Amino acid sequence: MKEKIEELKERFKSALALANDEQSLDELRVSFLGKKGVVAELMKGLRDVEDKKTAGQLINNFKTEVENSISDCEKMLEKARIDAQIRGAKKYNPTLKTEDRSGSYHPITLATREVEAIFESMGFTIEDYYEVVDDYKCFEALNIPKHHPARDMQDTYYLDNGQLLKTHTSAAQNAVMRKYGAPLRAIFPGRCFRNESTDACHENTFFQMEGMMIDENISISNLIYFMKTMLSLVFERDIKVRLRPGFFPFVEPGFELDINCLICGGEGCPSCKNSGWLELCPCGMIHPNVLREGGIDTEKYTGFAFGLGLTRLAMMKYGVKDIRTFNSGNLKSLSQFKSL
Ligand code: FA5
């Protein structure tokens, strides 16, 4: 039995060296670990062996070795796939020099237009809204009364007359509900402002795109469908996303939708605060208080809303490592997006 297993080990090693994609690795797994595979045959053969205990141990060790090698190889293939995706993405090059002085669209404009076209094709209207709003629109209409702790998350810049620079595109939710009533499907991109320290993934001035869909029988399945469709069309490839519970007073339930950082492939870097994940698009089912405040009949209608971080999306899409590049006004950097 010992010699036989040694021989099988050699056979497995040679076959593993040739398995350079998921399909061949799967075939190898079936041929060694499947119901009618090599290990199963060895187990059957135990019947005719005298020292069953020793032979059984040898077979089990061999099985564990095969399982571990296949799992290691799987991880390597997955890493190689992600690396290739990152290398293949259109990359921003901070050292590129250009003599061309003609104008070009800002990458945020390009990303905004692309996402707008995607939602327009799914029946959403595109709305514009103010940058200076009042406390009611930014907070109170969104179920965030004065002195609610959720306000601490979104400090902003206040004008002498009590108005403020909007902290999120959700500030337009109430106006859009009042404009159209239900049913509605709308997106509204806009510039947002927050009084907070900047780093590679935080700016004090950045863009979001809000989306809302209100109709009869709208559920979380609709929300997930639209989020998945949007992300696969924007990135044109499969990307890893994770959905986790998130608290926002204007949705119930609420979720954080993160994407695997495309700058480092999930290993952790300054662009994702070393977590491997980037918060991109919080979302959830619109809270009944918010619907009621917008004049919507909550007995009949439900809806979802999301707040896509457009500037972060542009970072990931174009491989820009530091969000502050976008507001830098550096023509050498920004003119690279001309050809897109
Ligand atoms: C909000 O602003 C909520 N209004 C989003 C929302 C809408 C939730 C509708 C539920 C329903 P948050 O503060 O997490 O949530 O910001 C949303 C996204 O904007 C973040 O995931 C991130 O991608 C982006 N963002 C937030 N702050 C910054 C910042 N300082 N710099 C760059 N992007 C930011």
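Bear in mind that the values in this text are calculations on the coordinates, not laboratory data. What you see is a predicted model, and the numbers here were worked out from it, not measured in a lab. Don't worry about glycine lacking a Cβ; one is built from the backbone with ideal geometry, like all the others, and counts go over all protein chains shown.
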Options L33, M315, F247, ranked by Cα towards positive dipole end of the chain, top entry (Cβ charges)
L33
Give, rounded to the nearest 20 debye, the magnitude of the charge dipole that the range 2-88 has about its Cα centre when Lys and Arg contribute +1 at Cβ and Asp and Glu contribute -1 at Cβ.
200 debye
Distribution output for the range 61-220: share of Cα-Cα pairs per 10 Å bin in percent, first bin at 0, values 8, 24, 25, 20, 14, 7, 2, 0
Sorted from largest down, what three extents in whole angstroms do the Cα atoms of the range 149-228 have along their principal axes?
41, 33, 24
Taking loop as defined by DSSP and a crowding limit of 10 other beta carbons within 10 Å, which GluC sites (Glu not before Pro) in the range 20-65 fit?
E50
May I ask you to evaluate 6.51 cos²θ - 1.76 cosθ + 1.60, the Karplus curve with θ = phi - 60°, for each residue of the range 193-209 and list the ³J(HN,Hα) values in order in whole Hz, giving x for glycine and proline?
9, 9, 7, 8, 5, 9, 8, 4, 10, 10, 10, 8, 9, 8, 10, 10, 10
List, in order, the whole-Hz ³J(HN,Hα) value for each residue of the range 158-172 obtained from phi through the Karplus relation with A = 6.51, B = -1.76, C = 1.60 and θ = phi - 60°; use x for Gly and Pro.
9, 8, 4, 7, x, 6, 8, 7, 5, 8, 7, 5, 4, 4, 9
Based on alpha-carbon centroids, what's the gap between the range 309-340 and the range 48-73 in Å, whole number please?
53 Å
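How high is the FRET efficiency from A117 to E22, r the C-beta distance, R0 25 Å, rounded to 0.05?
The calculated FRET efficiency here is 0.15.
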Work out, step by step, the length gained on full extension between D297 and K36: first 0.36 nm times the residue separation, then minus their alpha carbon distance; give nm to one decimal.
87.9 nm
Looking at the chain, do any whole DSSP H helices span at least 27 angstrom along their long axis by alpha carbon and average -1.0 or above on Kyte-Doolittle, and which?
52-88
16 Å Cα-Cα reach of K13 towards aspartates and glutamates, excluding residues that sit fewer than 8 places from it in its own chain
E3, D21, D26, E27, E65, E67, D72, E74
From the Cα gyration tensor of the range 130-275, with a ≥ b ≥ c the square roots of its eigenvalues, which class applies: rounded if a/c is under 1.5, or else prolate if a/b is larger than b/c, or else oblate?
oblate
Scaled radius of gyration (Cα, divided by 2.2 N^0.38 Å) that the range 2-88 gives
1.29
Quick test of your reading: applying the under-4.7 Å Cβ rule, which cysteines of the chain are isolated?
C73, C138, C192, C201, C281, C283
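Using a Förster radius of 51 Å, what is the FRET efficiency between T54 and E236 based on their Cβ-Cβ separation? Nearest 0.05, please.
The value I calculate is 0.40.
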Rg/Rh for the chain to two decimals, with Rh computed the Kirkwood way over all alpha-carbon pairs.
1.14
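According to the square roots a ≥ b ≥ c of the eigenvalues of the Cα gyration tensor, what is the shape class of the range 200-340, taking rounded for a/c under 1.5, prolate for a/b larger than b/c otherwise, and oblate for the remainder? Intermediate results must be reported in sequence, preceding the final value.
Working: a/c = 2.20, a/b = 1.94, b/c = 1.14.
Verdict is prolate for the range 200-340.
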Hey, got the dipole for the chain? About the Cα centre, +1 on K and R Cβ, -1 on D and E Cβ, debye to the nearest 20?
680 debye
What does the helix-only formula give at 222 nm for the chain: each DSSP H stretch with n ≥ 4 adding -39500 (n - 2.57), the total divided by the residues, and the result rounded to the nearest 500 deg cm²/dmol?
-12500 deg cm²/dmol
Let me know the whole percent of all Cα-Cα pairs from the range 284-340 that are separated by more than 13 Å.
70 percent
